[in-house]
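**Student:** The structure follows.
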Amino acid sequence: MRVAFGLLIGFAAACLSAAGSVRATEPGLVAADEAVPVRGVIRALDQAALSTELQARVDKIGFREGQAFKKGELLISFDCERYRAETQSAEAVAREMQLTLESNQQLEKFRAVGKHDVEISRARVDKAEAEARSLKSRLQFCEIFAPYDGRVAELTINQYEQPQPNKPFLVIVGNSRLEVEIIVPSHWLSWITPGTPLTFGVDETKGSYAATVVRIGATVDAVSQMVKVIATFNDAVADVLPGMSGAAQFVRPNG
């Protein structure tokens, strides 16, 4: 994404440089850079690269690369039989420690054990229950469900394979919330504000879509004197995908 926006900044700067030369040679043209097209890239607000710490084989893959899914559907599951057995063993140890504590509490009433023995039993119960909870918490990662509607952008693992710990193996993108990142001359900030309307023409679809500025970048590039502007589409755009690019046309407040 940084490379793409570096290219966009370079392209925009070159266009504005050319526009500046036009102003110098033809004084009758006012604000020539207003007619220069500004480039933008579409990106998804919902995007995630999924990884796992589990050392388990893939049991089922719900969706392949490019396929669409709905929120809550199973994306991938792992064979966690070993983790389930370890959890059951830890829970059994916790129950054993609890019974020992109850027994010592009864013996304490008859002064058959000391107070410290009861406290030690209680500490062992706390430790065993904590270990059981820790092992049980891993089971929730045995199945990964879709957090939102979207599509599979990248899948680098197959069934029966074991993923490398903490290395992304599945990339998903949402298809309902899209933003357009546009690079504009910084002096345009004198009239571009959140709420400014624009039309964004997408190169890949050859279509134009109404959009509105929602945020302004926090910094201006000191070399190119460009700034990032973020806009959202006014209506749903089913044929537009993240990564597509195009040109934006703004309407100044004075027309």
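**Student:** Roughly what would the spin-label model give for residue 232 and residue 46, points 7 Å off Cα along C-beta, in nm?
**Tutor:** With each label point 7 Å from Cα toward Cβ, the separation is 1.3 nm.
**Student:** For labels at residue 208 and residue 74 in the simple 7 Å Cα→Cβ model, what's the distance in nm?
**Tutor:** The two pseudo-label positions are separated by 4.9 nm.
**Student:** I would also like to ask the following. Grab the Cα-Cα distance for residue 122 and residue 105, subtract it from 0.36 nm times how many residues apart they are, and report the gain in nm with one decimal.
**Tutor:** Numbers: separation 17, 0.36 × 17 = 6.12 nm, distance 0.97 nm.
Length gained, residue 122 through residue 105: 5.2 nm.
**Student:** Here's a follow-up. If you plug each phi of the stretch 146-162 into the Karplus form 6.51 cos²θ - 1.76 cosθ + 1.60 with θ = phi - 60°, what whole-Hz ³J(HN,Hα) values come out, in order, with x for Gly and Pro?
**Tutor:** Once θ is set to phi - 60°, the couplings for the stretch 146-162 become 5, x, 6, 5, x, 9, 7, 8, 7, 9, 10, 9, 10, 4, 6, 8, 10 Hz.
**Student:** Compute the orientation-averaged projected area for the stretch 81-139 from the convex hull of its Cα atoms and round it to one decimal in nm².
**Tutor:** So the Cα hull casts an average projection of 3.5 nm².
**Student:** Turning to a different aspect of this structure: How far is it, in nm, from the label point at residue 92 to the one at residue 140 when both lie 7 Å from their Cα along the line to the Cβ?
**Tutor:** 2.6 nm
**Student:** Net charge near residue 89, counting Lys/Arg +1 and Asp/Glu -1 over other residues with Cβ under 15 Å of its Cβ?
**Tutor:** +1
Where a number appears in this text, it was derived from the coordinates with a stated rule and is not lab data. The structure displayed is predicted, hence computed values, not measured ones. Counting neighbours? That spans all protein chains shown, and the Cβs are built from the backbone with ideal geometry, glycine included.
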